[in-house]
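One structure below.
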Amino acid sequence: MTGKNTGVRAAKTTANRAKMLAAAQELFTTRGYTATTMKAIADAAGMAVQTLYFTFATKRAILSELLDVEIAGDTEPVATMDRPWFAAAVAAAPAEQIRLQVAAAATIYTRVSPLLEVIRSAAATDPELAELWETNIAQRHLVQLRLAEALAAKTPLRAGVTAARAADIALSTLAPETYRLLVHERGWTDAEWESWAIDALTLQLLPSRRSHGDSMATPAPEEVR
């Protein structure tokens, strides 16, 4: 009986945490971070504000956990570079690696783009969120650097492009600001953004066919995709 009660309590705790996170995400993305109070989050989740403070301690902690969960797509404590998509991209042929890393970015941004915009906007006036934003950029750059190093180990890169430069190119091409501009503001579909990003990275990172003696200067679209 004790074990059963423990399991019930754990399930309730997990469910309550999820409710609080969902309420916070809704308020952050509709009202903004600054305008959202801990009491508002607690009220929206149907919880006592003391419970919210006991669970997360601060509003920044809620936002930070939300970001981790939305990037991962689950609550498992598995780092990005330990995720199956990353291993598949590293193991793939060059053009397929680019396709996989862009597909992963598209999937992640479908979930997390509104939340990243909340952080980016608030970072201008909130030092804690500025630090969170800079940390996110550093993490994204590290992922792209490891992918660029894997790509360079499989194929010569475009003339003059080092792995470090390739990481910078991927970081900017796959930036959440670019995704938001094209998809949320200019009305592109996710598939259109994904196709554009694949083409852009393929042209910028992989050697042209002319460098291998072919008359074509760039890979044909069917080869890119």
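Below are the figures for this structure:
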{"item": "Test for Thr189: is it exposed (fewer than 13 other Cβ atoms within 10 Å of the Cβ), of a type in the set (Ser, Thr, Tyr) and at pLDDT 95 or above", "result": "yes"}
{"item": "In region 192-225, residue most open to solvent (accessible area, probe 1.4 Å) [restricted to those that are among the basic types (Lys, Arg) and at pLDDT 50 or above]", "result": "Arg210"}
{"item": "Which listed residue is among the basic types (Lys, Arg), part of a helix (DSSP H, G or I) and surrounded by 11 or more Cβ atoms within 10 Å (Cβ to Cβ), from Lys19, Lys12", "result": "Lys19"}
{"item": "Filter result (among the polar types (S, T, N, Q), under 29 Å from the mean Cα position of the chain (by Cα) and open to solvent by 90 Å² or more (accessible area, probe 1.4 Å)) within region 31-58", "result": "Thr34"}
{"item": "Hits in region 93-103 (condition: in contact with a Lys or Arg (Cβ under 8 Å, 6 or more places away or on another chain) and assigned to a helix (DSSP H, G or I))", "result": "Pro94, Gln97, Arg99"}
{"item": "Every residue from region 59-74 that is touching a residue at least 40 places away in the same chain (Cβ under 8 Å) and either open to solvent by 60 Å² or more (accessible area, probe 1.4 Å) or more than 18 Å from Pro176 (Cβ to Cβ) (or both)", "result": "Arg60, Ile62, Glu65"}
{"item": "Number of the condition not met by Val78 [criteria: (1) more than 30 Å from Ser208 (Cβ to Cβ); (2) open to solvent by 50 Å² or more (accessible area, probe 1.4 Å); (3) at pLDDT 95 or above; (4) not charged (D, E, K, R)]", "result": "(3)"}
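The values are calculated or read from the model by the stated rules, or taken from the named source; none is laboratory data. Note that this is a predicted model, so its numbers are computed, not measured. Virtual Cβ from ideal backbone geometry, glycine too; neighbours counted across all protein chains shown. The area values use the complete protein model at the heavy-atom level, side chains included, leaving out ligands, DNA and RNA. Shrake-Rupley method; radii C 1.70, N 1.55, O 1.52, S 1.80 Å.
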